[in-house]
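This report refers to the structure that appears directly beneath it.
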Amino acid sequence: MTDAPTTAKDRGQPTIRVRNLVKRFGEQTVLNGINLDVYSGETMVIMGGSGSGKSTLLRHMIGSFQPDDGTVELFGQNICAMSEDELNETRKKFGILFQSGALFNSMTIGQNVALPLMEHTDLDPDIIAIQVKIKLELVGLREHAHKFPSQISGGMKKRAGLARALALDPRILFYDEPSAGLDPVTSAEIDQLIIALTRQLGVTSVVVTHEMDSAFTIADRMAMLDRGRMLVVNDRAFFEQLRDTPRDQADTLSVEQQLIRQFLRGDADGPLAARRNAGGYERDLLGLDDLPTFIHTPSIQTTRSSAAEAKVDTPDDADEVTEAQQSG
């Protein structure tokens, strides 16, 4: 993997620059003031839980969405202000690996990879054929060029999609959940492929994922989104330190750091779980603003005939039942 520069001065001007990005769908704010810089030659991993805004941010970076406020710059140019023709020219400078690979099922793997070259260049067909072999060799699929997507595995589809993304020799590669739906071995192979391409081609990579094993393998820097907010952007070592913080020291962290730690570790207990448990499920279910107070009573009443004994024993039984209900 390429070594990430340690200072903004060393990195120079960012290849991707996101400033104060806001996106709303109706009354819901999906991205709320996002700021992010991605520098040449680095691998930036964008992570966060489902619904945190990762894919929406990615779609703004590739020009599929227009922001309600803020800007997105690629190569020093604001793509939000570009015409469709200008944006299409800029898109030739980056490639995208979609979750499913997004291959055309009626075309062979080789034809899928050749398509961008046929559409966007004036290269001779013989030169295109050579380029296709080169790109497929980079991802280990040269011998499968004649096969259709239905004839290859999910991992091979991802690699074929990556070969197509490389067709125009992009300066940036965007990956949308590259490990999604893959077995652990295939996922590890995709990770190593991303690292190898970064070394060989010097491309800038932006990877959206919630697979932590993959993220810590490939990342130079990492960005954590939560509920449309950017919590932190930092080097991988920062997140490794948070992840490895012992449980008995976790209380010394800020709430946001505890949230990040829980996500990185995949723990069942923590701020994320507490947030979900405080979601007002009963009120939403019953449609009530003020819920009645439920009195917990034992599911089995005492059978003792002595009132005095019942008075002493019933509360203990009730507490045990209540604790069992709460723990269940």
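Going by the structure shown, is T204 surrounded by 17 or more Cβ atoms within 10 Å (Cβ to Cβ) and under 13 Å from L138 (Cβ atoms)?
The answer is no for T204.
Restricted to region 50-92, and to residues that are surrounded by 15 or more Cβ atoms within 10 Å (Cβ to Cβ) and among the small types (G, A, S), which residue is nearest to F25 (Cα to Cα)?
Of everything passing the filter in region 50-92, G53 is nearest to F25 (Cα to Cα).
Please work out which residue is surrounded by the most Cβ atoms within 10 Å (Cβ to Cβ), limiting yourself to region 244-266 and to residues that are over 17 Å from the mean Cα position of the chain (by Cα), assigned to a helix (DSSP H, G or I) and not β-branched (V, I, T).
Only one residue tops the list, namely Q258.
Is region 38-49 home to any residue that is modelled with pLDDT of 95 or more, charged (D, E, K, R) and in the same structural domain as Q200 (by TED's automatic domain parsing)?
no
What pairs come up if the first residue lies in region 49-74 and is at negative phi and part of a strand (DSSP E or B), the second is charged (D, E, K, R) and modelled with pLDDT of 90 or more, and their beta carbons are under 6 Å apart, counting only those six or more places apart or on different chains?
T71/R19; E73/R17
Would you check which residues across region 209-226 are surrounded by fewer than 21 Cβ atoms within 10 Å (Cβ to Cβ) and either of a type in the set (V, I, T) or part of a helix (DSSP H, G or I) (or both) and list them?
If the condition is that a residue be surrounded by fewer than 21 Cβ atoms within 10 Å (Cβ to Cβ) and either of a type in the set (V, I, T) or part of a helix (DSSP H, G or I) (or both), then M212, D213, F216, T217 are the ones that fit.
Restricting to region 93-113, what's the tally of residues that are surrounded by 18 or more Cβ atoms within 10 Å (Cβ to Cβ) and on the phi > 0 side of the Ramachandran plot?
Summing the residues that are surrounded by 18 or more Cβ atoms within 10 Å (Cβ to Cβ) and on the phi > 0 side of the Ramachandran plot in region 93-113 gives 1.
Residues A165, A196, A188, A250: which one is outside the structural domain of M44 (by TED's automatic domain parsing), of a type in the set (G, A, S) and over 19 Å from V38 (Cβ atoms)?
After applying the criteria, what remains is A250.
Pick from D122, D85: which is assigned to a loop (DSSP other than H, G, I, E, B) and more than 20 Å from the chain's Cα centre (by Cα)?
None of the other options fit; the residue is D122.
D267: farther than 23 Å from Q131 by Cβ and either β-branched (V, I, T) or touching a residue at least 24 places away in the same chain (Cβ under 8 Å) (or both), yes or no?
Considered against the rule, which asks whether it is farther than 23 Å from Q131 by Cβ and either β-branched (V, I, T) or touching a residue at least 24 places away in the same chain (Cβ under 8 Å) (or both), D267 comes out as no.
Based on what the data block shows, is L193 surrounded by fewer than 20 Cβ atoms within 10 Å (Cβ to Cβ), in contact (Cβ under 8 Å) with a residue 12 or more places away in the chain, closer than 28 Å to M118 by Cα and more than 13 Å from the chain's Cα centre (by Cα)?
yes
Within region 22-48, track down each residue that is in a strand (DSSP E or B), over 16 Å from the mean Cα position of the chain (by Cα) and under 14 Å from V206 (Cβ atoms).
Within region 22-48, just D37 meets the criteria.
Of everything in region 125-151, what is outside any helix (DSSP H, G or I) and crowded, with 18+ Cβ neighbours inside 10 Å? Give them in sequence order.
Correct list: V139, L141, A145.
The values are calculated or read from the model by the stated rules, or taken from the named source; none is laboratory data. Quick caveat: nothing in here was measured; it's all calculated off a predicted structure. For neighbour counting, all protein chains shown are included, and Cβ atoms are generated from backbone atoms with ideal geometry for every residue, glycine included.
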